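**Q** I have a structure I would like to understand better, so I am pasting it below and will then ask my questions one at a time.
Read-outs: derived from the displayed coordinates by stated rules, not from any lab. Predicted model, so just to flag it, every value in this text is computed and none were measured. So basically every Cβ, Gly included, is an ideal-geometry build from the backbone, and we count neighbours across all protein chains shown.
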Amino acid sequence: MNTDEVKETLDTYVMHTYGRYDLVIDHAHGSIVYDKEGKEYIDCVAGIAVNNIGHTHKKMTENLSKQLDKLIHVSNLYYTEEQATLAKRLVEVSPHDKVFFANSGAGANEGAIKLARKYTGKGEIIATNNSFHGRTLATITATGQPKYQKGFEPLPAGFKHVDYNDIEQMKEAISDDTAAILVEPIQGESGVRVPDEDYLPNLRKLCDENGILLIFDEVQTGYGRTGKMFASELTGTVPDITTCAKAIAGGLPMGAVLANKEIADAFEPGSHATTFGGTALVCCAANTVLDIYEEENLVKKSHDNGLYFMEKLESLKDKHDCIVDVRGHGLMVGVELNYQCGDLVSKAQENGVLINVANGSVIRFVPPLIITRDELDKVVNVIDEILP
């Protein structure tokens with residue numbers, strides 16, 4: 001198919017749940033994607049913080065090719081070496097003891113909500129305004145953005161919301177039926193909102209004082225995105241449950257619920273399950289991701305290149321009065337402008353850079369962690385050109 005045929009076919013046969021950008025991506029390598037005509041673009045979207053190891057990494061394609069010849073899926077009625085290896089490695093890089101494998105970030109958050117309720121025997125989950133936790137009925141209810149809930153009522157009971165980064169509101173919201181607090185260490189969809197340094201430690205203290213669980217949604221912030229393997233490490237705050245997904249399997253669908261042993265043991269055979277959780281093929285991909293992280297030191301690269309990138313973006317403030325703030329950690333960076341800037345997506349694309357806009361006025365950068373400084377310089381130059 002040519003470019004127009006791809007667009008027309010998708011628009012005809014796929015439900016219109018996406019506002020797609022005007023681009024057909026044909027192939028990709030590293031931090032670069034190519035359209036059907038061969039034009040290249042620096043990818044600062046990375047599948048929305050998914051392609052942390054870049055596109056078509058040689059080790060990934062080789063390992064998956066071998067795994068396809070060996071074993072793809074047998075369900076969790078049986079043991080597989082690939083899942084056993086990954087479970088051990090995930091526990092070793094996280095602050096937790098046990099893992100449940102899901103298919104997505106929403107599935108991981110659903111699992112965390114169920115686990116918190118099962119362990120505590122309580123029903124209430126306190127989340128925050130402007131959060132994002134997924135697209136299932138429970139996770140859009142946990143999401144503190146009414147636009148995602150509109151038209152899907154009645155919503156499940158048992159959720160309440162308070163302002164993000166407001167510890168006093170959180171204190172007032174806790175009740176005798178509160179099972180857990182669910183929070184993103186850095187809010188992604190609302191525009192890379194970084195909380196005060198004492199916010200997450202104070203949440204931990206609050207949970208300990210009230211005998212409730214602390215759940216960190218690290219679907220977007222996890223896996224080195226913020227310059228640490230998990231964003232919880234930025235403040236030394238250890239949650240009871242961590243959810244992750246996006247980058248965990250290099251582009252294949254996987255999520256995970258990580259929890260401390262006492263809490264994890266509340267799940268018994270039959271209390272939670274998923275057909276495609278932890279298949280041999282996807283676990284092979286996830287093990288390969290961890291191999292690449294170790295071999296290429298990607299968490300440190302995220303930290304170091306993130307500082308470099310933010311410094312370059314900060315330098316644009318003197319030239320462009322429209323820049324309100326540059327914020328983030330690692331290679332999760334937001335540039336807030338003083339106007340609704342959705343039109344910048346197409347302007348950047350015309351200049352060979354893929355970006356997206358969060359919350360209407362924040363350019364969000366979540367490039368592959370393998371991105372080079374030369375590529376980051378080109379990105380900054382394009383942003384400089386297209387800003388008023």
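**Q** Take the stretch 239-265 and flag every residue that is in contact (Cβ under 8 Å) with a residue 60 or more places away in the chain, crowded, with 18+ Cβ neighbours inside 10 Å and in a helix (DSSP H, G or I).
**A** Residues satisfying the conditions are Lys246, Ala247, Ile263, Ala264.
**Q** For the stretch 153-208, what are the residues that are hydroxyl-bearing (Ser, Thr, Tyr) and within 29 Å of Arg364 (Cα to Cα)?
**A** Passing the criteria: Tyr164, Ser190, Tyr199.
**Q** Continuing with the same structure: For Ile241, work out the one condition from (1) within 20 Å of Gly107 (Cα to Cα); (2) in contact with a Ser or Thr (Cβ under 6 Å, 6 or more places away or on another chain) it doesn't fulfil.
**A** (2)
**Q** Considering only the stretch 51-70, I want to know if a residue exists there that is touching a helix residue (DSSP H, G or I) at 6+ places or on another chain (Cβ under 6 Å), farther than 25 Å from Tyr223 by Cβ, without any contact (Cβ under 8 Å) to a residue 40 or more places away in the chain and of a type in the set (D, E, K, R).
**A** No, the stretch 51-70 contains no residue that is touching a helix residue (DSSP H, G or I) at 6+ places or on another chain (Cβ under 6 Å), farther than 25 Å from Tyr223 by Cβ, without any contact (Cβ under 8 Å) to a residue 40 or more places away in the chain and of a type in the set (D, E, K, R).
**Q** When you look at Ile181, is it surrounded by fewer than 24 Cβ atoms within 10 Å (Cβ to Cβ) and in contact with a helix residue (DSSP H, G or I) (Cβ under 7 Å, 6 or more places away or on another chain), yes or no?
**A** no
**Q** Right, next: From the list Thr221, Thr274, which one is touching a residue at least 60 places away in the same chain (Cβ under 8 Å) and over 30 Å from Lys58 (Cβ atoms)?
**A** Result of the check over Thr221, Thr274: Thr274.
**Q** From the list Val362, Val326, which residue is at negative phi and in contact with a Lys or Arg (Cβ under 8 Å, 6 or more places away or on another chain)?
**A** Val326
**Q** When you go through Gly111, Gly121 one by one, which is the residue that is out of contact with any helix residue (DSSP H, G or I) (no Cβ under 7 Å at 6 or more places or on another chain) and surrounded by fewer than 24 Cβ atoms within 10 Å (Cβ to Cβ)?
**A** Answer to the check: Gly121.
**Q** Would you be able to say whether some residue in the stretch 228-244 is closer than 17 Å to Asn129 by Cβ and touching a Phe, Trp or Tyr at 6+ places or on another chain (Cβ under 9 Å)?
**A** no
**Q** Still on this structure, please answer the following. Please go through the stretch 325-357 and give me each residue that is without any contact (Cβ under 8 Å) to a residue 24 or more places away in the chain and of a type in the set (Val, Ile, Thr), ordered by number.
**A** Val326, Val357
**Q** Go through the stretch 266-279 and give me each residue that's in contact with a Leu (Cβ under 7 Å, 6 or more places away or on another chain) and buried (at least 18 other Cβ atoms within 10 Å of the Cβ).
**A** Correct list: Phe267 only.
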